[in-house]
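Quick note: the coordinates plus some simple rules give every number you see, no bench work behind them. Everything quoted here is computed from the prediction, not taken from an experiment. All Cβ positions, glycine included, derive from the backbone under ideal geometry; neighbour counts span all protein chains shown.
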Amino acid sequence: MSDPTAPDPIPEDAARTALAKRGERLTTLSFAVSIFGALALAVVYWRGGQPQLEGIFLCLALGGLGVGMIVWARYFMPHGTDVEARHQIESTEEEIDAFREEFERGEHILTRRSLLVRMGTAAVAALGVALIFPIRSLGPRPGKGFKSTPYRKGIRLVTDDGTLIKADDVSVDGVITAFPEGHTDAADASTLLIRPNEPVQARPGRESWTPGNLVAYSKLCTHVGCPVGLYQAGVHLLLCPCHQSTFDVLDGARPIFGPAARSLPQLPIEVDGEGYIVARGDFSGPTGPGFWDRDR
Amino acid sequence: MIRPRLLRLVMLVPLVAAGLYLVTGTSTARGAEHGDTGRGRELYLTGCSSCHGIHGKGVEANGEQRGPSLEHAGPAITNYMLTTGRMPLANSEDRPVRKDPAYDTEQIRDLIAYVSTLGEGPAIPDVDITTGDLAAGGELYRANCQPCHSASGAGGALSYGRAAPQLSKATPTQIGSAIRTGPGQMPVFGPDTLSSHEVDSIARYVKYLEHPDDRGGVSLGRLGPIPEGFLIWVLGVGLLIVICTWIGGRTRNRREVEPQP
Amino acid sequence: MTTTSPARRQKRDKLLTRRAARWLDARLGGAKYARTALGKVFPDHWSFLLGELALYAFVVLLATGVYLTFFFHPGNQIVTYHGSYAPLHGVQMSEAYRSAVELSFDVRAGLVMRQIHHWAALLFVASIVVHLMRIFFTGAFRRPREVNWMIGVLLLILAIFNGFAGYSLLDDQLSGTGLRIAYSITLSIPLAGTWLASLLFGGEFPGPDIIDRLYVIHILLLPAVIALLIGIHLFLVVRHKHTQFGGMGRTEENVVGEAVWPSFAFKSLGLMMLVAAVLAALGGLAQINPIWLYGPFDPAEVSSASQPDWYMGWLDGSLRLFPPLEIRAFGFEVPAPFFPGALLAGITFGLLFAWPSLEALFTGDRRVHHLLDRPRDRPVRTSLGVATLSFYTVLTLAASNDVIATTFGLSVNAVLLTFRALVIVLPPIAALVTYRLCNELQARDIAGGYVPPDRPRVRWELLRFWRWRAMRRASRAPSTAG
């Protein structure tokens, strides 16, 4: 393990010998631990694997090697005495001048034909512009989908497994997540049906949207679109678990705390002859987070 | 003041009654049949009446409600509140949290029997987790419960100091009772929203969450990326910086073991 | 090695490795460069190893990541799970999520690799941040190292992006929630938001293509760019030669330390093994991201306590703290998440990029520096740095406000309001305390006989930008006269 060219340790220096012994012992021990870890890892894997044992033995195999190398370096390798000179990083003025001269010679050859230079530049620019267009294939034009959901007048509300929801299914203090019939995978149309234990204060023009005190709001937070899943029945508050926006269910889902700036859009609903809950149109506004031309 | 309360009453009575019949048929008082109403009344008068009133109609003091009316409580919520130790409260302003129950099983039975005479409410649901479907329970749990109780059942924060409790200590009956009655801020999930088989499945999954498969090692409380981030800074970066100081430490004072060639 | 007889040399060169090296040298001629590399000197200070932590975390990421790609299938087609994890039996999920769960339960050593990979990702970004702090507080970004500073900042950004892309791939509930927030922040960018979001996600959220795209970005595009930039970063370190602290014969003209061969190389390789060992221990013993508990992503579902990985915490925290401010004018709107999301990220990284130029502008110090500052000798820079760190620390902690509230039985609303106050109040306090502390320490140094290097005056008057024109005129006048 020691360099053959090195002279043997001076015998009278007992301390040095002891130190060398200790270093060699430590290094050998570390490498032995590493070998043990590697073999044990193989055995564990062979026997069907177990995540904790795999982690421990991998750690031993790698760690033993690492400790051994560092101890080796600390005991038996020279440290901290080498000196190297730094050199100037920037080029000298002469070098720069020489470069400039050569470059300008080439440049002069090019610029003699100014028409060619101009056309060449134009061709490269045109190619660049043409290459931007394929980006357009990445996604569709953001259209009406951002502002509307599949809800139309007469569409019935269903649960996430497609079961039609009757008005009676929602008990007082109850909450159900609903979707438009046939669109249970519409991410922008998830709806909260809530029947609070106190009367909803309808916004002007929305007096008939809450049959039997049943109210339907978009489930998507108007902040960044997390589902506002936490209904606190006793205080009639909806809380968004992502950023703690809080909405007052009795007061048109107005935000009363947190970073959301807009009320949750409300869905106009009615109960049909068979007792099913039916939408009377789309939400009162685009659902989910805001964007530049939301109001347009 | 009167109008909303009136409306509430009018709406509540038929709905709750209808719901009740659907769940339980006519056996309104499972658990109550064994109890002794007389002894229950005695316990009630000493332990509960200061907030809920002598006739169970609730107590209002200085415009503040000290305790709600028990006219629509029924066996399920009573059982839930008493067996989880949430009731009785030492101070009516305290938030009810899980404690050791203040009454023994016999006394709870008596109290349920007495409270059942004050009005009608959902019966204690029969929850049998052995018939529940674990995977279906997981799906229902994630759809209905995890918004408040978190995916691992660790509980979570609600508005203004309220919290959804950790679920690890809940018994199947308590889980079922909570689903049906919505104690505290919890919404009510009636039999039209979740069938009794679905409640069994949810309870089975919640019981599973008590000791879930932590195949990856120490669970770190199953609180997600926060403890993970904490660990990588304290143990990962911390330990590695210690290692760096060891490697890059001042070795120049150490004697050279082998002279340079 | 100075005197080797020809006979001995011949004997030595019979070794297979030496013969191979000779064969290569005959074709590439690298021996003389390799010799310079062996003799390169690295100053030894523990803080100079912090960047290596990041490098070796990246090595572990590559090694484990390659293994994971053999078993992970991105894709959003809906499949039914029939693996060995019973609580998900028969559950409908995406192909990506199913393969991630199968990788964790049914592939031998799969889970340990996945967990090491995730821990390594957390460590990668963390050690970049610690390394950046070392560079900042010691002034190692000054001329001629500004370009390398910018590459470093770019690496930080890419590391964060790639970490986010990685944990978004699995399509579990938590990662889907994170993607949703990323989508909404993209959407909030004025004018271009809807287009950007649509192009990135291939349509409206959740978007049909996002997992496939993130996969290519995560395993090919960003790792390649990161590896390339790390290469340039290290090349420039060699080109500039490492910085060092002054004193004990160390000057602007020399490098004092250990030669690469064998001391430094051995220690460094040992460090790599130890980084990997720590990550292996974490990966085997500490569970990270148990996706089987989170369930497959459903855009209508969410769990309480939804947090991102720590390195996105500052953005999530700022989203939580920022007041509900929505600007609406002329029928257009700048939605609330734009300011704490897109704008804050832009300002953060913009300032980081610009810092070397800004400091040079304000101190007027554009000289070459190879000797490092001690943080106390530059109180203004140090206190600004500490203030910035405290700002981002508060934001990161704010991302856990709901967990803090439940853990300590507090009101989440009160916690949030406290953080809002802290994020404004704490940075200036931190700056003042640090400034005082630096001056105290320096005074003690001077009392102890240490002469601190002259510190350039900070030209605070430059903050009065409305007087820039007058100042320029004033500075030009004497030069034209003279």
Anisotropy class of chain A from Cα gyration tensor, a/c 1.5 cut: oblate
Using a cut-off of 12 Å between alpha-carbon atoms, which aspartates and glutamates can reach B:K169, once sequence neighbours fewer than 8 places away in the same chain are excluded? B:D100, B:E210
What is the Cα centroid distance between segment C:258-291 and segment B:94-154, reported in whole angstrom? 49
Put a dot 7 Å past each Cα toward the Cβ at B:D126 and A:L39; how far apart are the dots in nm? 6.2
Write down the percent of antiparallel bridges among all DSSP beta bridges whose residues are both part of segment A:148-280, to the nearest 5. 100
Identify all lysines with a Cα-Cα distance to A:K144 below 19 Å; exclude those on the same chain that are fewer than 8 residues away in sequence. A:K153
Please sort C:464-476, C:410-422, B:134-146 by packing, taking for each peptide the average over its residues of neighbouring beta carbons within 10 angstrom, highest first. B:134-146, C:410-422, C:464-476
What full-extension length gain, to one decimal in nm, is calculated for B:S92 and B:H197 as 0.36 nm per residue of separation minus the Cα-Cα distance? 34.2 nm
Per the helix-only calculation at 222 nm, which mean residue ellipticity applies to chain A, given -39500 (n - 2.57) for every DSSP H run of n ≥ 4 and division by its residues, nearest 500 deg cm²/dmol? -11500 deg cm²/dmol
What does the structure give for C:83-96 when I average, per residue, the other chain Cβ atoms found within 10 Å of the residue Cβ? 3
What does the C-alpha gyration tensor say about the overall shape of segment C:374-482? Classify as rounded when a/c is under 1.5, otherwise prolate if a/b is larger than b/c, or oblate. oblate
The size of the Cβ-based charge dipole (Lys, Arg +1; Asp, Glu -1) of segment A:148-280 about the Cα centre, to the nearest 20 debye, is 460
Taking the Cβ of C:L389 as the center, what net charge do the other residues with Cβ under 14 Å away carry, scoring Lys and Arg +1 and Asp and Glu -1? +2
With a 10 Å Cβ neighbour count serving as the proxy for reagent exposure, in which order, fewest first, do B:I202, C:I429 appear? C:I429, B:I202
Rg [Å, one decimal], Dmax [Å, integer] - chain C, C-alpha atoms: 26.7, 90
With a ≥ b ≥ c taken as the square roots of the eigenvalues of the C-alpha gyration tensor of the protein assembly as shown, please select rounded if a/c is under 1.5 and otherwise prolate if a/b is larger than b/c or oblate if it is not? prolate
Residue by residue through A:145-155, how many Cβ atoms from other chains fall within 10 Å of the Cβ on average? 1
Checking the cross-link filter: which aspartates and glutamates have an alpha carbon closer than 15 Å to that of C:K32, excluding same-chain neighbours under 8 positions apart? none
Size of the dipole of segment A:14-76 about the Cα centre, Lys and Arg at +1 and Asp and Glu at -1 on the beta carbon, nothing else charged, in debye to 20? 320
Would you please give the FRET efficiency between C:R366 and C:L196, computed as 1/(1 + (r/R0)^6) with r the Cβ-Cβ distance and R0 = 25 Å, to the nearest 0.05? 0.05
Inter-probe distance in nm under a simple model that places probes 7 Å from Cα toward Cβ, at A:S91 and C:A470: 4.4
Using +1 on the beta carbon of Lys and Arg, -1 on that of Asp and Glu, and nothing else charged, what's the dipole of the protein assembly as shown about the Cα centre, debye to 20? 4100
Here the gain from full extension of C:L463 to C:T17, 0.36 nm per residue of separation minus their alpha-carbon distance, amounts to 154.3 nm
For the pair C:S357 and B:T105, how long in nm is the line joining their label points, each one 7 Å along Cα→Cβ? 7.8
Provide the FRET efficiency to the nearest 0.05 for the B:T171-A:E274 pair, computing r from the beta carbons and using R0 = 45 Å. 0.70
Once the Cβ-Cβ distance between C:R436 and C:E146 is put in as r, and R0 is 41 Å, what FRET efficiency do you end up with, to the nearest 0.05? 0.85
